[in-house]
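Asker: Provided herewith is a single structure, encoded as structure tokens, for subsequent inquiry.
The values are calculated or read from the model by the stated rules, or taken from the named source; none is laboratory data. Keep in mind that this is a model prediction, so the values were computed, not measured. Cβ atoms come from the backbone with ideal geometry, glycine included; neighbour counts cover every protein chain shown.
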Amino acid sequence: MATGTVQSYHVNHGYGLITPDDDGPPLYVYYDSLLTAGGGDRVLVEGQRVEFDPTEQEGRRVAERVRRLGGPD
């Protein structure tokens, strides 16, 4: 799994961007890719640290199985 920081997340649209720690280009993150424990909120906040599986879909980098770090899921 890779790690990174939430660059932006638009709750109303259900997507955002993650800046990976490996200095690669940002990855898209979608609402459906957010993992929660115990039914927590599926929301990301700018500057939040996350762990994810980097993939590629339709020619763009996408973060899958995104989990928040350093706090409640």
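Asker: Of these, L44, L17, which one is in a loop (DSSP other than H, G, I, E, B), buried (at least 17 other Cβ atoms within 10 Å of the Cβ) and out of contact with any Asp or Glu (no Cβ under 9 Å at 6 or more places or on another chain)? So that I can check it myself, show each step before the final result.
Answerer: Working: L17 fails: in a loop (DSSP other than H, G, I, E, B).
None of the others qualify; the one that does is L44.
Asker: What is the residue count in region 17-55 for residues that are over 14 Å from R68 (Cα atoms) and small (G, A, S)?
Answerer: Qualifying residue count, region 17-55: 1.
Asker: Can you pull out every residue in region 48-62 that is out of contact with any Ser or Thr (no Cβ under 9 Å at 6 or more places or on another chain) and either of a type in the set (K, R) or farther than 10 Å from S33 by Cβ (or both)?
Answerer: Within region 48-62, P54, E56, Q57, E58, G59, R60 qualify.
Asker: In addition: Restricting to region 27-41, name every residue that is modelled with pLDDT of 95 or more and loosely packed, with under 13 Cβ neighbours inside 10 Å.
Answerer: none
Every residue, every condition in (1) free of Cβ contacts under 8 Å to residues at least 60 places away in the same chain; (2) within 8 Å of the chain's Cα centre (by Cα), yes or no:
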| residue | (1), (2) |
| --- | --- |
| M1 | no, no |
| N12 | yes, no |
| Y28 | yes, yes |
| V43 | yes, no |
| R49 | yes, no |
| F52 | yes, yes |
| E58 | yes, no |
